[in-house]
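Everything below concerns the one structure shown next.
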Amino acid sequence: MSALSLRRAGAVGAGLVVATALGAAPAAADYGGGSEDGGASAYVDFVYSNPGSSGTSMTSSDANWSPPTCWYEPAYNPKEFEEYLREHNYGGGSAGTELYEQYYNETDGKYHQGDEGAWWKLTVDLDKEDLSCAREMDAYEFIGPDFPPPPGVEILDPELLAMLAYERIKLPAPPVDLKPGADRQIVNLETLATFGQDLEPAWVTASVDYVGVQLAATTVATPSRLTLSADSSQADPAECSYDLVASGGGYTVDTEDAGCNVTYRKSSGEGTHDLQASLTWEVAWNPSADPGGTPTTPLPDGQSTGDIPVTVKEIQTVVR
């Protein structure tokens, strides 16, 4: 296929892409990603376990892992695609005219009408640093049972939906309560930790039901381990980890009888020491809209962290 790609349109260099420049509907989401919503999908619906949560987006424990930057997702049936191109055939060498001529010539003006399948649109996550994939890919591909996607390209499927859902999971800060309290820690006394509330799994379902394509995936993050970390110049031991315990439908922790508890060896004086609480979440997904479905393939662990300022005092004793 003679590609009228983003490279030919010169759109990537301008921070835009072909369909956005043409005003395609829905224009605001065609190719550009939003940093809070993650990714750039125009037609995928998301359902959250904690809508309106004030938590922070889950970070991956694998710094090298991320969803793809470029992929195709279903956008038009053949008749809609023809109408879309005709509406944006402005003439005069415009990008819309080039697109119209490209696909008119390549399909002999039929746009695959009568074939089973749909026209899939290139989607680009503009939050990513390397957008080189977009420069080599056509804006649209017809994909169906007899028309497989180009080799080596990503298309929207349950696994990709699971990755997009992963990006949207928001996690609470670790709900750690300290004993003694954070404002009255004592030198050489173990810092014990419990949860002020039981933690529940967090999940996001991503689904698409558009132009005959129906797909879904649910990604579930389950809290599994708490790690408390202090500055090694202030505490010994300075770091301890604890497996969480299932409690009803959630998870909790109590470190009173643990073999390791952070113990401060120096006073914080007039200030505070920082104690970092980090939660590890095991992540897996299933190819359905059911959060209780049997997980199929694990994804990298997720993490959420919170800093706890602690006041550490010395107890003065008098020996006679």
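Let's see how each residue does on (1) outside any strand (DSSP E or B); (2) at pLDDT 95 or above:
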site	(1), (2)
16	yes, no
25	yes, no
31	yes, no
37	yes, no
51	yes, no
66	yes, no
72	no, yes
81	yes, yes
| message | Consider the stretch 162-215. How many of its residues are under 21 Å from residue 262 (Cα atoms), open to solvent by less than 40 Å² (accessible area, probe 1.4 Å) and polar (S, T, N, Q)? | response | 3
| said: Considering only the stretch 232-255, I want to know if a residue exists there that is more than 17 Å from residue 313 (Cβ to Cβ), among the acidic types (Asp, Glu), touching a residue at least 24 places away in the same chain (Cβ under 8 Å) and loosely packed, with under 13 Cβ neighbours inside 10 Å. | reply: no
| field | Lone qualifier among 284, 258, 289 - being assigned to a strand (DSSP E or B), in contact (Cβ under 8 Å) with a residue 12 or more places away in the chain and in contact with a strand residue (DSSP E or B) (Cβ under 7 Å, 6 or more places away or on another chain) | value | 284
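Residues are listed down the side, and each one gets a yes or a no for (1) closer than 25 Å to residue 217 by Cα; (2) without any contact (Cβ under 8 Å) to a residue 40 or more places away in the chain; (3) open to solvent by 80 Å² or more (accessible area, probe 1.4 Å):
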{"residue": "95", "(1), (2), (3)": "no, no, no"}
{"residue": "122", "(1), (2), (3)": "yes, no, no"}
{"residue": "130", "(1), (2), (3)": "no, no, yes"}
{"residue": "141", "(1), (2), (3)": "yes, no, no"}
| task | Answer yes or no as to whether residue 268 is over 30 Å from residue 118 (Cα atoms), polar (S, T, N, Q) and touching a Ser or Thr at 6+ places or on another chain (Cβ under 6 Å). | result | yes
| What pairs come up if the first residue lies in the stretch 61-76 and is buried (at least 22 other Cβ atoms within 10 Å of the Cβ), the second is of a type in the set (S, T, N, Q) and in a loop (DSSP other than H, G, I, E, B), and their beta carbons are under 7 Å apart, counting only those six or more places apart or on different chains? | 73/41
| request: Answer yes or no: is there a residue in the stretch 296-307 that is assigned to a loop (DSSP other than H, G, I, E, B) and open to solvent by less than 70 Å² (accessible area, probe 1.4 Å). | output: no
| request: Please enumerate the residues belonging to the stretch 105-163 that are in a strand (DSSP E or B) and of a type in the set (S, T, N, Q). | output: 123
| said: Test of understanding: among 276, 303, which residue is at negative phi and within 17 Å of the chain's Cα centre (by Cα)? | reply: 303
| task | For the stretch 256-285, name all the residues that are open to solvent by 60 Å² or more (accessible area, probe 1.4 Å), within 13 Å of residue 191 (Cβ to Cβ) and not polar (S, T, N, Q). | result | 256, 265, 274
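Does residue 249 count as under 15 Å from residue 192 (Cα atoms), out of contact with any helix residue (DSSP H, G or I) (no Cβ under 8 Å at 6 or more places or on another chain) and modelled with pLDDT under 95?
No; evaluated as a whole, the condition is false for this residue.
The values are calculated or read from the model by the stated rules, or taken from the named source; none is laboratory data. None of the values given here were measured: they were computed from a predicted structure. Reconstructed Cβ throughout: ideal geometry from the backbone, glycine too, with neighbour counts over all protein chains shown. Calculation scope for accessible area: heavy atoms of the full protein, side chains included, ligands and nucleic acids excluded. Shrake-Rupley method; radii C 1.70, N 1.55, O 1.52, S 1.80 Å.
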